[in-house]
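The values are calculated or read from the model by the stated rules, or taken from the named source; none is laboratory data. Given the structure is predicted, the values throughout are model-derived calculations rather than measurements. Glycine gets a Cβ as well: all are built from the backbone with ideal geometry, and neighbour counts include every protein chain shown. Only protein heavy atoms, including side chains, enter the accessible area calculation; ligands, DNA and RNA are left aside. Shrake-Rupley method; radii C 1.70, N 1.55, O 1.52, S 1.80 Å.
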Amino acid sequence: MPPDPRLDDLLVPATTVLLTVECQQGVVGPDAALPELARAARACGALANVARLVAGAHASGVQVIHAVAERRPDGRGANRNARLFRAAERLPVQQHPGTAAVRVAPPIEVTDEDLVVRRLHGLSPIQGTDVDALLRNLGCRTLVVAGVSANVAVPNAVFDAVNRGYSAVVPSDAIAGVPSDYTPAMIRHTLAWVATVATTDEVLACFARQDASVRPA
């Protein structure tokens, strides 16, 4: 699908926020709880492209928010109403607060200007978290969603953003899911109906054009 011709209109740095979804060591790192997903995110280049997007956002003055999923050691407050949550209880790597598992994974760089939002429940990085209030306080109109997984958290984030009135942009090569052929199908048959789909290069080029347009001659 060709990029939306309105991409430049959508990705104005002052009103755009980049949201990275669950790009944490316990999810996409070498010792991740879900090694198949971690391998997919690295093999397809999605994690590297998230890192490129973050670097481009930093350079262009686009706010970055990192959404991290955690679970208390005692499980207090966590969901148990889906197979995914019950399976997470038995995984060898747990996303406990304060551990390496919930740190943003390399090669993504986190700066002092970035915001990190942590959640203890649910499937979405937006619903029931501080993200929506932060976006409104930041004057956000367009949310760029990247990370994992294309199966659950990424589509939840996109739907929640659209339902709250934001325009969503999905860099198709900066999200990953399992199996690997599911991601392009999800993008084509679901996300493309509600979000503007572009590539990492297209988003970065737009950031660069917008940044250059506001610099003094």
I need a count of the residues in the range 128-153 that are touching a helix residue (DSSP H, G or I) at 6+ places or on another chain (Cβ under 8 Å) and either within 17 Å of residue 173 (Cα to Cα) or modelled with pLDDT under 95 (or both). 10
Would you mind stating whether residue 180 is modelled with pLDDT under 95 and touching a helix residue (DSSP H, G or I) at 6+ places or on another chain (Cβ under 6 Å)? yes
Suppose we keep only residues that are touching a residue at least 12 places away in the same chain (Cβ under 8 Å) and of a type in the set (S, T, N, Q) within the range 62-89. Which one would you say is farthest from residue 203 (Cα to Cα)? 79
Output the residues belonging to the range 15-61 that are open to solvent by 10 Å² or more (accessible area, probe 1.4 Å), touching a helix residue (DSSP H, G or I) at 6+ places or on another chain (Cβ under 9 Å), of a type outside the set (A, V, I, L, M) and in contact (Cβ under 8 Å) with a residue 12 or more places away in the chain. 22, 25, 31, 42, 44, 45, 49, 52, 56, 60, 61
Counting just the residues of the range 73-92 that are not basic (Lys, Arg) and not in a loop (DSSP other than H, G, I, E, B), which one comes out surrounded by the most Cβ atoms within 10 Å (Cβ to Cβ)? 88
With the checklist (1) over 23 Å from residue 89 (Cα atoms); (2) without any contact (Cβ under 8 Å) to a residue 60 or more places away in the chain; (3) hydrophobic (A, V, I, L, M, F, W, C) in hand, flag the one item residue 174 doesn't pass. (2)
If you check 127, 95, which single one turns out to be polar (S, T, N, Q) and under 14 Å from residue 70 (Cα atoms)? 95
